[in-house]
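Below: one structure, written as C-alpha cells.
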Amino acid sequence: MGRHRKGAGDVNGLAGRTAVVTGGAQGIGAAVAERLCAEGCRVLVYDKSAEHGRAAVDAWRARGHEARLAVGDVTDGAAVAAAFAGLPDGWPRPTLLVNLAAGFVFKGLEATPEEWHAALDPTLVGLSLVVREFTAGLPERAAGAAIVNMASISAHIAQSGYLTYNTSKAAVLGFTRCAAEELAPRGIRVNSVSPGTVWNAGNERYHREVLGLDRAAAEAAPEHGGKFLLGRFADPAEVAAPIAFLLSSEASFITGADLPVDGGYLAV
Ligand SMILES: NC(=O)c1ccc[n+]([C@@H]2O[C@H](COP(=O)([O-])OP(=O)(O)OC[C@H]3O[C@@H](n4cnc5c(N)ncnc54)[C@H](O)[C@@H]3O)[C@@H](O)[C@H]2O)c1
C-alpha cells in the first residue's frame with residue numbers, strides 16, 4: 001500500500017523500471033530519486049557521498065521503496081562500471097538515467113588548469129563515462145530508454161565569475177544534442193533541463209551565511225528571487241517533476257531538447 005503514486009505508473013511507463021541517478025544523495029538529485037521511487041521505479045543512487053547517500057536511501061527503503069546506493073565518483077570509470085554490474089539480482093537492467101553529479105567551480109579567466117579539470121571532469125567527462133556504461137548495457141534497440149542531463153540557466157548566459165561553471169553546463173547542452181543524435185537510431189532519448197536557483201541545503205547556507213538572507217528575504221530581493229518571472233526560487237521537487245516527465249513515455253517524441261525549469265528566467 002502506498003508504495004508508489006496511485007495509478008501514475010499506469011500512464012507514464014515508469015513503474016517497475018530501473019533508474020540510475022548520479023548525484024542523487026542530496027539536493028535536487030535526492031528529489032529526483034525520491035520522485036522516481038514514488039513512480040514505482042527501482043532506483044540506484046550513484047554518489048560520492050556515502051554519508052548523505054546512505055541516509056537518503058535508508059529513508060526511502062524504510063518507506064517501502066526499492067532503492068540502493070553505490071558510492072563512487074563519476075570520474076572513476078571502474079567504479080561506475082562496478083555500480084552498474086552490482087545491481088541487485090532481480091532488478092531489470094537500467095533503462096532510465098539522470099545525470100546530476102557536477103563540478104561546482106566558480107572561477108573566471110584566472111582559473112588554473114586544475115580548476116578547469118575540477119569543473120569539467122565530473123560535469124562532462126564523468127557524464128560521458130556514465131552514459132557510455134548505461135548505453136553499453138542496453139540492447140541494440142532500446143525503445144523507451146531515456147536519459148536526462150542536468151544543465152542550468154547558467155548554460156545559456158554569461159555571469160561574472162562563473163566562467164568555469166557556465167562553460168561546463170554549456171558543454172552539457174552540446175553533449176545532450178550530440179548524444180541524442182547518436183542514440184536516436186537505438187530508440188534512446190536524451191534531453192536536459194535548465195533550472196534556475198533551487199532552494200536546497202547549499203543555497204540555504206549560501207544565502208544565510210554569505211548574504212545574511214533567509215528564503216523569504218532572498219526571494220523578495222530584486223537581484224535574487226526577483227530575477228525570476230515567478231518571483232521566487234524553485235523547490236527541488238519542482239525540478240524532479242519535469243525530469244520524471246522527460247523520462248516517461250509522455251515525452252516519447254522529445255529528444256535532443258533542453259527544458260528550462262527556471263520560473264521564466266530565460267524568457268526575458
Ligand atoms: N541548486 C541549484 O540552484 C541548481 C540550479 C541549476 C542547476 N543545478 C545543478 O543541479 C545538480 C545538483 O545540484 P544541487 O544544487 O542539488 O547539488 P548538491 O550539492 O545538493 O548535490 C550534488 C550531489 O552530487 C554529488 N556529487 C558531486 N560530485 C560528484 C562526483 N564527481 N561523483 C559522484 N557524485 C558527485 C554530491 O556528493 C551531492 O550528493 C548539479 O548538476 C547542479 O549544477 C543546481
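For Arg215 and Val268 in the same chain, what is the full-extension length gain: residue separation times 0.36 nm, less their Cα-Cα distance, in nm?
Working it through step by step, the gained length comes to 16.7 nm.
Of the listed peptides 82-90, 27-35, 119-127, what is their order by residue-averaged count of other C-beta atoms within 10 Å, with the highest listed first?
27-35, 119-127, 82-90
Per the Kirkwood definition applied to all pairs of different Cα atoms, how many angstroms is the hydrodynamic radius of the chain?
Hydrodynamic radius (Kirkwood, Cα only) of the chain equals 18.8 Å.
When the accessible area of the chain is computed with all protein chains present and a 1.4 Å probe, what percentage of it is carbon and sulfur?
On the way: 6880 of 12380 Å².
Roughly 56 percent, rounded to a whole number.
Just Val11, Val148, Val198 to compare: in a GNM of the chain, with alpha carbon springs under 10 Å, which one fluctuates most?
Taking springs between Cα atoms under 10 Å, the residue moving most is Val11.
Enumerate the whole-percent occupancy of each 5 Å bin, from 0 to the last occupied one, for all C-alpha pair distances of region 205-268.
4, 16, 19, 19, 16, 11, 8, 6, 2
Just reorder Cys41, Cys178 by solvent-accessible area, largest first, 1.4 Å probe, all chains present.
From most exposed to least exposed: Cys178, Cys41.
Calculate, for the chain, the solvent-accessible area per residue in square angstrom, rolling a 1.4 angstrom probe over the heavy atoms of the protein chains.
Value for the chain: 46 Å² per residue.
What FRET efficiency would be calculated for the residue pair Ser252, Phe104, taking the C-beta separation as r and a Förster radius of 35 Å, to the nearest 0.05? Walk me through the intermediate numbers first.
Details: r = 33 Å, r/R0 = 0.95.
Once the sixth-power term is evaluated, E becomes 0.60.
Extension gain Ile157-Ala143, at 0.36 nm per residue separation less the Cα-Cα distance, in nm?
Here the segment from Ile157 to Ala143 would lengthen by 1.7 nm.
In Å and on Cα atoms, what radius of gyration and Dmax does region 147-268 show?
Using the Cα atoms of region 147-268, the pair Rg, Dmax is 15.7, 51 Å.
Give the share of C-alpha pairs in each 10 angstrom bin for region 28-156, from 0 to the last occupied bin, in whole percents, shortest bins first.
With 10 Å bins starting at 0, P(r) equals 12, 40, 34, 12, 2, 0.
The values are calculated or read from the model by the stated rules, or taken from the named source; none is laboratory data. What you are looking at is a predicted structure, and each value in this text was computed from that prediction instead of being measured. Please note: Cβ atoms are built from the backbone with ideal geometry, for glycine as well, and neighbour counts cover all protein chains shown. Protein only, heavy atoms only, side chains kept; ligands, DNA and RNA dropped before computing areas. Shrake-Rupley method; radii C 1.70, N 1.55, O 1.52, S 1.80 Å.
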